[in-house]
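Comments concern the structure below.
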Amino acid sequence: MTTTSPTPSPAQLSVPVEGGEMPADLHLPESGRGPGIVLYQEIFGVTAYIRRRAEDLATLGYVVLVPHLYWRLGDPVVQEGAEGLPEAVDLVGRLDWEAAVADAAAALRLLRDRDEVEGPVGVFGFCFGGGLAFNVAASTSGPAGAAEALVSYYGSALPTLLALAPQVRCPSLHHFGTADTYIPPEVQQSVREAVEQDGRADVTFCTYEGAGHAFDNPSPMFHHPQASPEAWETTSRWLSEHLPVQAGR
């Protein structure tokens, strides 16, 4: 693909995948170029919150692609919080996980081929997307497909994916709250032991006292006012080290 000038942000793209075309949003940094990040949604879909976080990453200098992973279910967006949670859980239950992983990996390949991308490409996800990012990092390999950094916020599927940990070869950052009732501390410890096995020095594991699941989500049901900015500051620093933006970008 050739881009002669920065495209509007976000631009609407289509990702060729098995069975059709998956919609995706492309958010560009001010320079129009930079390292790439594929950002995977929470269980509520590509919400305004996910779009804002994509914009935040673009502000840091990244070319950000947000695939609409519910496209096979009609691409719904569900209200965040208690009212929408049953519908969101139902959507995840109806999603074909293997197809979602394949779709998510296709988004990574497409972003890597964009002319706007200069340098490495990473994967980043919240909740449902955090587990998906982990699975994509484990299942892609080689210079044409591998993720070069992984950020996972309270990846909800991680406890079921720990056998894949040895296949995640890129640096990774994991965030969890100590009051997470979906992934309690004893399960978090199992995740930590799996991702840090063999003395992995490129794994960063962060916990936040009193924060529950989805603590970065602005919904009052989830949001933790201390953990959210603290984790984002940590993430920004970590990305600057492991997915650096060139000076002047």
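Summary of computed values
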| read-out | value |
| --- | --- |
| Relative contact order, percent, region 1-107 [alpha-carbon distance under 8 Å, six or more residues apart] | 27 |
| Cut-off 14 Å between beta-carbons: net charge of the residues surrounding residue 200, Lys and Arg +1, Asp and Glu -1 | -2 |
| Share of carbon and sulfur in the accessible heavy-atom surface of the chain [1.4 Å probe, %] | 51 |
| In region 1-103, the GluC sites (Glu not before Pro) that fall in loop regions by DSSP, at most 12 other Cβ within 10 Å | 18, 30, 83 |
| Residue 221 accessible area, assembled protein chains, probe 1.4 Å, Å² | 90 |
| Separation of alpha-carbon centers, region 180-249 and region 13-83, rounded to whole Å | 20 |
| Relative contact order (%) - the chain, alpha-carbon pairs under 8 angstrom, separation at least six | 17 |
| Prolate/oblate/rounded label for region 143-249 (Cα gyration tensor, a/c 1.5) | oblate |
| Kirkwood Rh, angstrom, the chain [1 / mean 1/r, Cα pairs] | 17.9 |
| MRE, 222 nm, helices only [DSSP H, n ≥ 4, -39500 (n - 2.57), over the chain, to nearest 500] | -10000 deg cm²/dmol |
| Length released on extending from residue 11 to residue 102, taking residue separation times 0.36 nm less the Cα-Cα span | 30.5 nm |
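The values are calculated or read from the model by the stated rules, or taken from the named source; none is laboratory data. Quick caveat: nothing in here was measured; it's all calculated off a predicted structure. With ideal geometry, Cβ positions are generated from the backbone for all residues, glycine too; neighbour counts draw on all protein chains shown. Areas reflect the complete protein model, heavy atoms only, side chains present, ligands, DNA and RNA absent. Shrake-Rupley method; radii C 1.70, N 1.55, O 1.52, S 1.80 Å.
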